[in-house]
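Below is one structure; the comments refer to it alone.
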Amino acid sequence: MKPKQSIAGMISRREILKLSPLILLSGCDITPGEKTEPLLRTVQQFNDWVQSKVFDPDKLAPEYTDADVTPEEGFRVNGKDAGEPDIDVVNWSLTIEGLVSKPGTYTLGQIAHLPKRTMNTRHCCVEGWSMIPQWAGTPLREFLRFVGADPRAKYIEVRCADDYFTSYDMPSALHPQTLLCYEAYGKPLSISHGAPARIVMPVKLGYKSAKWVHTIILTNEKPGGYWEDQGYDWFAGL
Amino acid sequence: MARREKNYQHPLIVRVTHWMNFIALGIMVTSGLRIYNASPIWEFRIPENLTLGGWLAGARMWHFFGMWLFVLNGIIWVTYNVASKHGRNTTLFRSSDRLGIVPMIKYYLRLSKHHPPTTKYNSLQKLTYTLIPLLALGSVLSGIAIYWPVQFSLIAASFGGYDTARIWHFVFTAAFVLFFFGHLFLVAISGWSNFVSMITGWKRAEEN
């Protein structure tokens, strides 16, 4: 869990990234003031707990027919994304660390060899819009089984090439519709949609469907997330 | 004592839940409008100074705090009304109240100077105070549909799907806001002691 060091050496790039929206938003913190924030944060954690209890690991998100799929020209990219990272799609590999029996790096070829699931599920952005892309990839639980992940680990963190990161509870990560996705609309993912591989999680809000994943870490210590650390709910279940 | 009892308008639980509702709905509506602004359904945006939360995450925190106030308050109110029969004896709309609707509308529109004879509340008031709890139920259910479209996919489907449920949720909000201004107007024209009675419970006899 060593953060990447910036050239300056003192602060990780991620720390700088984390701070940038705070600098932008410093003029409009949670009104009407900081006095309310501890209460709101406490209720938010309580709501996360409620969501974890309501979450049914066997309940599938509705899957739609091909006729209901959002046309490919409507396959949106969230405007809040900082931009496309420099990513070497050809030589990409996925690193897995933490509570696994076979840590290391795995190629896209190895992942594509695992069982594949194609699904038309709704992607709900926290902003309120939604779309129904056609996703395809390996269920994350198949990959976790393949690498010998400890199913008793409580959390999974993913780290991305754009320095984005987020984390999940294990029951949601093991949900049958949680994909290590490498295709959309029957084609390899485009760079703007997270090539070569991303997470797709129909049981959670869109900010949990992390793009450009390069590292997966299994841990018992609760990791945060890029948006979660700034005030968005961590569980973010749907 | 007899004179005072006659003018006792609102039991304590009704008054407390009334003002809790005001606070809870104030939070829900203003934070909800900030959430709306993150991805407006229609062409318009809500002026930021009418919204609560500062940014989307802050608005969501407020919204999912306010929802507990609103729901718990609603549970207290419904439980009280079921147990006490208070609502049944005062504000519940019954089929016999249908006949009073048109005369009351005529009176309000100044088409008739004659105030139709009523019990404590007239037919239009009863209709409104019976529909408002149903509106609250609609708000909560459409809210569940967009908060938990997977866990409660049947509720989302019953509103016509996720995107449509979001529109319903907004429409219910708009109905609450309309009710609020109508309510405020009617309270204003009916006099100060009527307003005070929702705080103290008592209304002055001469204005009854």
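Quick notes on this one:
- Segment A:146-160 and segment B:72-100: distance between their alpha carbon centers, rounded to Å: 53
- Rolling a 1.4 Å probe over the heavy atoms of the protein chains gives the protein assembly as shown an accessible area of 52 Å² per residue.
- Note on surface exposure: A:D169, A:D66 rank A:D66, A:D169 by accessible area, highest first, 1.4 Å probe.
- Shown is the FRET efficiency for B:R94 and A:W49, computed with R0 = 30 Å from the Cβ-Cβ distance and rounded to the nearest 0.05: 0.10.
- Computed label-point distance, nm, for sites B:I41 and A:V89 using a 7 Å Cα→Cβ extension: 3.8
- Entries of A:K53/A:K116; A:K59/A:K208; B:K120/B:K203; A:K59/A:K187; B:K85/B:K126; A:K154/A:K204 with Cα pairs more than 22 Å apart: A:K53/A:K116; A:K59/A:K187
- Remark: mean inter-chain Cβ contacts per residue of B:95-103 equal 0, using a 10 Å Cβ-Cβ cutoff to other protein chain atoms.
- In this simple spin-label approximation, B:F185 and B:V78 carry label points 7 Å from Cα along the Cα→Cβ vector, and these lie 3.1 nm apart.
- Across B:L52, B:L134, B:L111, the residue with the most accessible area heads the list, and the full order at a 1.4 Å probe is B:L111, B:L134, B:L52.
- Figure note: B:R88, B:R45 ranked by solvent-accessible area, largest first, 1.4 Å probe, ligands and nucleic acids not counted: B:R45, B:R88.
- Shape analysis of the protein assembly as shown based on the Cα gyration tensor places the equivalent ellipsoid semi-axes at 52, 23, 19 Å, largest first.
- Principal axis extents of the C-alpha atoms in segment B:2-207 (largest first, rounded to whole Å): 54, 35, 34.
- Excluding ligands, DNA and RNA and using a 1.4 Å probe, chains A and B jointly bury around 2900 Å² of accessible surface, summed across both partners.
- Legend: translational diffusion of segment B:132-208 by Stokes-Einstein, Rh = Kirkwood radius over C-alpha pairs, 4 °C, 1.567 mPa s; D = 89 µm²/s.
- In the protein assembly as shown, the calculated helix contribution to ellipticity at 222 nm averages -14000 deg cm²/dmol per residue, counting -39,500 (n - 2.57) for every DSSP H run with n ≥ 4.
- For segment B:51-164, the normalised intensity computed at q = 0.12, 0.24 Å⁻¹ comes to -0.66, -1.24 (log10 of I(q)/I(0), Debye sum over alpha carbons, equal scatterers, no solvent).
- Helical segments meeting 30 Å axial Cα length and Kyte-Doolittle -1.0 threshold in chain B (DSSP H): B:12-38, B:56-84, B:123-147, B:162-190
- Taking a ≥ b ≥ c as the square roots of the eigenvalues of the alpha-carbon gyration tensor, segment A:64-110 is classed prolate because a/c is 1.5 or more and a/b outweighs b/c.
- Distance between segment B:107-155 and segment A:161-238 - C-alpha centres, whole angstrom: 42
- Prolate is the label for segment B:158-201. Its Cα gyration tensor axes, ordered a ≥ b ≥ c, give a/c of at least 1.5 and a/b above b/c.
- Label-zone membership for segment B:61-87, site B:I23, 7 angstrom Cα→C-beta point, backbone N under 20 Å: B:61-80
The values are calculated or read from the model by the stated rules, or taken from the named source; none is laboratory data. This structure is a prediction, so every number in the text was calculated from the model and none was measured. Every residue, glycine as well, gets a Cβ built from its backbone with ideal geometry; the counts of neighbours run over all protein chains shown. Accessible surface is based on the protein model in full, side chains and every heavy atom, while ligands, DNA and RNA are left aside. Shrake-Rupley method; radii C 1.70, N 1.55, O 1.52, S 1.80 Å.
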